[in-house]
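Engineer: Take a look at this one; I'll ask things after.
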Amino acid sequence: MRVEPVSGRVLSGPLTDVYVYEAPVRLWHWVTVLCITVLGVTGYFISAPLPAMGVGADASTYFVTGWIRMVHFTAGWILAVAFLVRLYWVIVGNHHARSIFYIPFWSGAWWRGLFRQAGYYAFVRSESDHWIGHNPMAQAAMFFMFTLGLVVMILTGFGLYAQGYPTGGSGPRCSAG
Ligand code: HEM
């Protein structure tokens, strides 16, 4: 099987098995899925907290939102640390491990592949090419929407988190964060 470098387009057959996603990439994927799910749900309840319920309904005896926030922050830390470990794997993993972390901007083959795939999605081409790993369009979508989005979520999340430590980690803790 001949594969075009950079774009990953299969140029000629016969198709053979290729090992693409290594174990750390898969593990990171599912850890991130779990964290984002937990962050989304707990984030919702941070923004729209549950009312105090039960006998007396005295808010001072409840710590429900406190626990929800703690779970949110724990998932946030796991998400961030897993992302840092994943960055290490970008360096030591196979070349598919780098795929969603960059755009091969200067590669003509990559842009050609992107437009070929766009043509297929737009019903201009009747058949899709075969690709090893993400096709260029998927790579671009994941880089811009997922990887950059994740960086923004981690940075903004920790930006909010830092408000709880207005004088730095060694200073008094503010009740707001
Ligand atoms: C997928 C990623 C994340 C999602 C979807 C998410 C979602 C949310 C939402 C919806 C809120 C409520 C905002 C409001 O009420 O105005 C929130 C608050 C917050 N998040 Fe996240 N978050 C994410 C990641 C993180 C990370 C990585 C951290 C870092 C620890 C973090 C820390 C915080 C903090 C400190 C608050 C404010 C809590 C408060 O004021 O009580 N978040 N998040």
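Engineer: So, Gly113, is that one in contact with a strand residue (DSSP E or B) (Cβ under 6 Å, 6 or more places away or on another chain), modelled with pLDDT of 95 or more and closer than 23 Å to Val20 by Cα or not? Before you say what the answer is, go through the steps one by one.
Structural biologist: Values: in contact with a strand residue (DSSP E or B) (Cβ under 6 Å, 6 or more places away or on another chain): yes; modelled with pLDDT of 95 or more: yes; closer than 23 Å to Val20 by Cα: yes.
Yes.
Engineer: Moving on. Which members of the stretch 64-110 meet the condition of being under 29 Å from Met53 (Cβ atoms) and touching a Phe, Trp or Tyr at 6+ places or on another chain (Cβ under 8 Å)?
Structural biologist: Hits for the stretch 64-110 are Thr65, Ile68, Phe73, Gly76.
Engineer: Identify all residues within the stretch 22-61 that are over 27 Å from Phe158 (Cβ atoms) and either at pLDDT below 90 or in contact with a helix residue (DSSP H, G or I) (Cβ under 9 Å, 6 or more places away or on another chain) (or both); write none if there are none.
Structural biologist: Glu22, Pro51, Ala52, Met53, Gly54, Val55, Gly56, Ala57, Asp58, Ala59, Ser60, Thr61
Engineer: Looking only at the stretch 4-32, count how many residues are within 27 Å of Trp89 (Cβ to Cβ), open to solvent by 60 Å² or more (accessible area, probe 1.4 Å) and not in a loop (DSSP other than H, G, I, E, B).
Structural biologist: 5
Engineer: Looking only at residues that are in contact (Cβ under 8 Å) with a residue 24 or more places away in the chain and in contact with a Gly (Cβ under 7 Å, 6 or more places away or on another chain) in the stretch 148-167, which one is nearest to the ligand (Cβ to nearest atom)?
Structural biologist: Gly157
Engineer: Within the bounds of the stretch 76-99, is there any residue that is among the aromatic types (Phe, Trp, Tyr), outside the structural domain of Val31 (by TED's automatic domain parsing) and either away from the ligand (no atom under 16 Å from the Cβ) or in a loop (DSSP other than H, G, I, E, B) (or both)?
Structural biologist: No, the conditions are met nowhere in the stretch 76-99.
Engineer: Being over 11 Å from Trp131 (Cα atoms), in contact (Cβ under 8 Å) with a residue 12 or more places away in the chain and surrounded by 17 or more Cβ atoms within 10 Å (Cβ to Cβ) narrows it down to one of Leu50, Leu39, so name that one. Lay out the reasoning, then the answer.
Structural biologist: Working: Leu50 fails: surrounded by 17 or more Cβ atoms within 10 Å (Cβ to Cβ).
From the options Leu50, Leu39, the qualifying one is Leu39.
Engineer: On to the next question. What number of residues in the stretch 86-115 are loosely packed, with under 13 Cβ neighbours inside 10 Å and among the β-branched types (Val, Ile, Thr)?
Structural biologist: Residues that pass the stated criteria total 2.
Engineer: Quick one: is Arg125 farther than 28 Å from Thr37 by Cβ and either at pLDDT below 95 or surrounded by fewer than 17 Cβ atoms within 10 Å (Cβ to Cβ) (or both)?
Structural biologist: Against the criterion (farther than 28 Å from Thr37 by Cβ and either at pLDDT below 95 or surrounded by fewer than 17 Cβ atoms within 10 Å (Cβ to Cβ) (or both)), Arg125 qualifies.
The values are calculated or read from the model by the stated rules, or taken from the named source; none is laboratory data. Keep in mind it's a predicted model, so treat the numbers as computed, not measured. Don't worry about glycine lacking a Cβ; one is built from the backbone with ideal geometry, like all the others, and counts go over all protein chains shown. Heads up: the accessible areas ignore ligands, DNA and RNA and are worked out on the full protein's heavy atoms, side chains in. Shrake-Rupley method; radii C 1.70, N 1.55, O 1.52, S 1.80 Å.
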